[in-house]
Amino acid sequence: MSASLRRGALAALAAASLLALSACGDGDKDGKPAAGRSGSGSAAPDRGKEAAGPAPLTAAQAKAALLTPADLSSGWEVDKSIPAYDVGPTAMQLGKADKAACQPLLDAFVGADNGPKAQAHAMTDLKQGGEAGTMMSLGVTSYRQADAVKVMQEKTDVGACGKFTAKAVDGSVDEAAGSELTVPALGDEARGVRVVFAATDEGVSIQHDIAAVRVGGTVVTVAQASFTTAGSDAFEAALRKAVEKVQKAGKA
């Protein structure tokens, strides 16, 4: 899968997911989800809501929590080849697997077509080193807390996915291999996977390291794609900073 095909597939996914954007959340015009609205004056606290966890982030809070080049080491810039508008969480998807057991590896945790309904989602794409460098997709997806827990507990049969095929939205098909990825123990829980797309006659191998961290009802996703198996330092630094920004956004 070449760089142009990879970015073209992401752009197509982003455009397709605009249809899902209007369904994201129960918020009203001020961007605040219904679950986050407070009661009047001296009303007794709703213990049911307290047990359900914090209110989901608003669209504005999710967007404010996204990483920018200034949050990372030098050399990173916004990838302008990817549409800059907000999209639904399915835009995090890498494609469709030929084995149902392997689809979660391509969903980047939050991208399942039949997954829980997100209340707010924001996404950005950064790159370092030009067209042949490293790409990083960063997503902030906020749910009701019970749904976020379900997202993180989605079973992934990595053992069955040592080799499978993945079909991108542009119709290209690539051989892929999945494995577990150890990530820093951040937030309430954290998970990671690695998906490597094999080299073809038209392109080169691409390694995707994908991590998700749950912070209350919000799932922070960082996906690093590289053609030269980039190291983990920038990846882990981005994940830590992204979690920090979501934690601050939830208190704002």
* **Per-residue SASA entry for K117, accessible area with 1.4 Å probe, Å² rounded to 10** => 100
* Relative contact order of segment 162-220, pairs being alpha-carbon contacts under 8 Å that are 6 or more residues apart, as % -> 27
* Accessible area per residue, 1.4 Å probe, Å², for segment 103-252: what's the number? -> 41
* Structure fact -> With a ≥ b ≥ c from the Cα gyration tensor eigenvalues, square-rooted, and the rule rounded for a/c under 1.5, otherwise prolate when a/b > b/c and oblate otherwise, segment 131-252 is prolate
* In segment 175-252, which GluC sites (Glu not before Pro) fall in coil by DSSP and have 16 or fewer other Cβ atoms within 10 Å? -> E202
* Asked: According to the square roots a ≥ b ≥ c of the eigenvalues of the Cα gyration tensor, what is the shape class of segment 76-177, taking rounded for a/c under 1.5, prolate for a/b larger than b/c otherwise, and oblate for the remainder?
  -> oblate
* To do: Starting from the Cα gyration tensor of segment 57-125, take the square roots of the eigenvalues, sort them a ≥ b ≥ c, and report rounded, prolate or oblate (rounded when a/c is under 1.5, otherwise prolate if a/b is larger than b/c, else oblate).
  => oblate
* Considering only Cα-Cα distances, which of the following residue pairs are longer than 28 Å: K96/K251; K127/K167; K150/K251; K163/K241; K99/K241; K80/K155? -> K96/K251; K163/K241; K99/K241; K80/K155
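The values are calculated or read from the model by the stated rules, or taken from the named source; none is laboratory data. Not measured: the values here are computed from a predicted model. A quick note on method: Cβ atoms are made from the backbone with ideal geometry, for glycine too, and the neighbour counts reach across all protein chains shown. Surface accessibility is based on the protein's heavy atoms, side chains included, excluding ligands, DNA and RNA. Shrake-Rupley method; radii C 1.70, N 1.55, O 1.52, S 1.80 Å.
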